[in-house]
Amino acid sequence: MENQIYVNYVAHQGSRYFTKEGFYRLHAGQDVGANGGSKDLPVRNIINGTILISPIPQGKLVSSVELTIEQGDGYAIRYRHMPLDSYSKFKSGDSVSTNDIVGRVGSYSSTSSNGFDAHLHFEILKGTPVYEIVNGVQKQKINKTTGKLEYKYDTSLDPSKVVIEGGTIREKK
């Protein structure tokens with residue numbers, strides 16, 4: 001494939017020390033280092049879904065974006081540490097497909113003293129439905145931005161326990 005980007009994992013899921021914050025905490029997801037430390041490389045989406053965008057405050061400034069792409073059935077992909085201007089063509093509620101460029105590799109890292117500034121944080125998420133009571137009946141809440149069922153993404157899945165095929169996430173049996 002032309003312009004293929006080769007990556008290496010630089011940090012896996014689990015507890016680790018965050019040097020800028022000065023404490024240990026769970027690192028949910030995978031940090032994927034960019035070719036030769038190059039930031040601004042394109043990030044290509046791997047599932048079909050709907051975009052949710054959240055700027056991430058890091059310190060006192062908002063310096064990067066968290067992009068979550070919902071599959072629609074409680075599974076999602078989350079990309080972090082992309083520069084704020086890297087997703088300007090998208091807004092929450094937009095649909096994306098596999099291989100769409102959804103941003104650029106950024107350089108923020110709370111562990112940058114460990115030597116991997118240019119990287120993409122990547123998570124595969126499983127959500128739980130968000131419910132509300134409407135006229136005395138419990139129903140799954142509809143996201144006002146996307147018009148789709150709402151989930152709270154509270155579980156980061158181990159990538160070795162899922163399959164992403166044809167733009168869809170499923171857990172291995």
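Whether any residue in region 130-153 is closer than 19 Å to Gln30 by Cβ and at pLDDT below 80 is what I want to check. No, that holds for no residue.
Rundown of residues vs (1) at pLDDT 80 or above; (2) of a type in the set (Gly, Ala, Ser); (3) part of a strand (DSSP E or B), yes/no style:
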position: Gly36; (1), (2), (3): no, yes, no
position: Thr50; (1), (2), (3): yes, no, yes
position: Ile53; (1), (2), (3): no, no, yes
position: Val62; (1), (2), (3): no, no, yes
position: Arg78; (1), (2), (3): yes, no, yes
position: Val102; (1), (2), (3): yes, no, yes
position: Tyr108; (1), (2), (3): no, no, no
position: His121; (1), (2), (3): yes, no, yes
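In region 115-157, the qualifying residues are those that are of a type in the set (D, E, K, R) and surrounded by 12 or more Cβ atoms within 10 Å (Cβ to Cβ), and the one that is farthest from the chain's Cα centre (by Cα) is Lys139. State all residues of region 80-100 that are part of a loop (DSSP other than H, G, I, E, B), at pLDDT 80 or above and among the small types (Gly, Ala, Ser); if no residue qualifies, say none. Correct list: Ser92, Gly93, Ser97. Within region 76-105, how many residues are free of Cβ contacts under 8 Å to residues at least 40 places away in the same chain, of a type in the set (A, V, I, L, M) and surrounded by fewer than 18 Cβ atoms within 10 Å (Cβ to Cβ)? Result for region 76-105: 1.
The values are calculated or read from the model by the stated rules, or taken from the named source; none is laboratory data. Everything numeric here is computed off the predicted structure, so don't read it as measured data. Glycine gets a Cβ as well: all are built from the backbone with ideal geometry, and neighbour counts include every protein chain shown.
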